[in-house]
Structures are given as C-alpha cells and as structure tokens.
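Reviewing the structure listed below.
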Amino acid sequence: MSNKNIEVIESPELSTKYEKRYIVIDKETRKVLDNAQGYGYKSVTGAYSAYAYKNRDKSKDKEKQAKRKHIQKWMKEHKGFVEQMAGFAFEIECKHSWGPEDKFDAAFVKKMLKDHNLEPDFTADELLKVWRKWEE
C-alpha cells in the first residue's frame with residue numbers, strides 16, 4: 001500500500017485530555033493500519049515515519065547488509081590500514097593534536113587509501129561509516 005492511501009488522524013480512544021495520540025488509517029476503508037501497539041503515536045510526523053519504516057522495501061536492507069559485510073571482510077584483510085585509521089582518528093578527533101581545520105572524514109580516508117595504493121570497490125565514505133560502527 002502506498003503512502004497516498006494512508007492518513008494519520010488523532011485517535012480519541014488513545015488520546016487523553018493532556019496528550020494527543022495519532023494512528024495511521026487507510027483513507028478509503030478507514031481501517032486502522034498502525035496504532036503503535038495500541039499506544040498511538042505522539043506526533044503526526046512520528047506516525048508517518050514509523051509507518052514508512054515498517055513498510056519499506058526490505059530488499060534494500062539485504063543489499064546494505066551484504067555491502068557492510070563485504071567492507072568488514074576487507075577491513076579484516078587490511079588490519080594495518082584500519083589500525084592507522086584509528087590512530088589518525090584519535091590524534092585528530094580526541095587529542096586535537098592536528099590543526100583546527102583538520103578533520104577525520106571521508107576526504108581524509110580517501111587520501112589515506114590513495115597514499116597506500118589501495119583501490120577498494122567501495123567509497124571512502126562507505127568505509128568510514130562501517131568503520132565508525134565497527135569501533136563503537
């Protein structure tokens with residue numbers, strides 16, 4: 001069902017005198033499609049966002065997961081490079097031992113890759129995003 005067929009409305013049953021609650025309904029049938037497990041959403045925007053997320057194209061999730069695993073495999077195969085990334089990130093972001101204009105970002109990682117003659121089949125930005133989650 002497309003988002004054109006849905007509407008978010010205030011639910012009199014779930015709202016209180018002090019707090020409005022919203023639900024997602026089918027415009028034509030008026031059937032409740034999502035009510036936040038019976039609690040209702042606190043905002044119209046939240047209801048639309050949650051409904052869109054719950055009804056997203058999940059095949060893209062598998063693609064993203066496969067890409068992430070591919071990058072993680074590459075990182076395991078290039079441990080020295082990844083350790084160097086961590087060192088530079090620490091120096092720049094934590095110790096602030098570089099200049100104030102220096103940033104550990106995708107451009108920095110791209111230069112690192114070039115300096116090491118590495119040409120992976122993913123972008124420096126993708127590598128940085130996976131690495132940041134890997135480090136958490």
_Residues within region 1-26 that are surrounded by 12 or more Cβ atoms within 10 Å (Cβ to Cβ) and among the charged types (D, E, K, R), tallied_ = 5
*From the residues in region 100-120 that are over 23 Å from the mean Cα position of the chain (by Cα) and acidic (Asp, Glu), which one is least open to solvent (accessible area, probe 1.4 Å)?*
Asp102
*asked:* Please determine whether any residue of region 55-64 is closer than 30 Å to His116 by Cα, in contact (Cβ under 8 Å) with a residue 60 or more places away in the chain and not polar (S, T, N, Q).
replied: no
_Based on this model, can you work out whether Asp115 counts as under 30 Å from Glu13 (Cα atoms), acidic (Asp, Glu) and modelled with pLDDT of 95 or more?_
no
*Give the residue that is surrounded by the most Cβ atoms within 10 Å (Cβ to Cβ), with candidates limited to residues of region 62-94 that are of a type in the set (Asp, Glu) and over 15 Å from Trp131 (Cβ atoms).*
Glu91
*asked:* On the basis of being farther than 30 Å from Val8 by Cβ, modelled with pLDDT of 90 or more, assigned to a loop (DSSP other than H, G, I, E, B) and not charged (D, E, K, R), does Phe104 make the cut?
replied: yes
*Of all residues in region 70-97, which are assigned to a helix (DSSP H, G or I) and polar (S, T, N, Q)?*
Gln72, Gln84
*asked:* Checking the conditions here, which among Ser59, Ser97 is open to solvent by less than 70 Å² (accessible area, probe 1.4 Å), closer than 30 Å to Asp26 by Cα and hydroxyl-bearing (Ser, Thr, Tyr)?
replied: Ser59
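The values are calculated or read from the model by the stated rules, or taken from the named source; none is laboratory data. As the structure is a computational prediction, the values presented were derived from the model and not from experiment. Quick reminder, even Gly has a Cβ in these numbers, built from the backbone with ideal geometry, and neighbours come from all protein chains shown. For accessibility, only protein heavy atoms count, side chains too; no ligands or nucleic acids. Shrake-Rupley method; radii C 1.70, N 1.55, O 1.52, S 1.80 Å.
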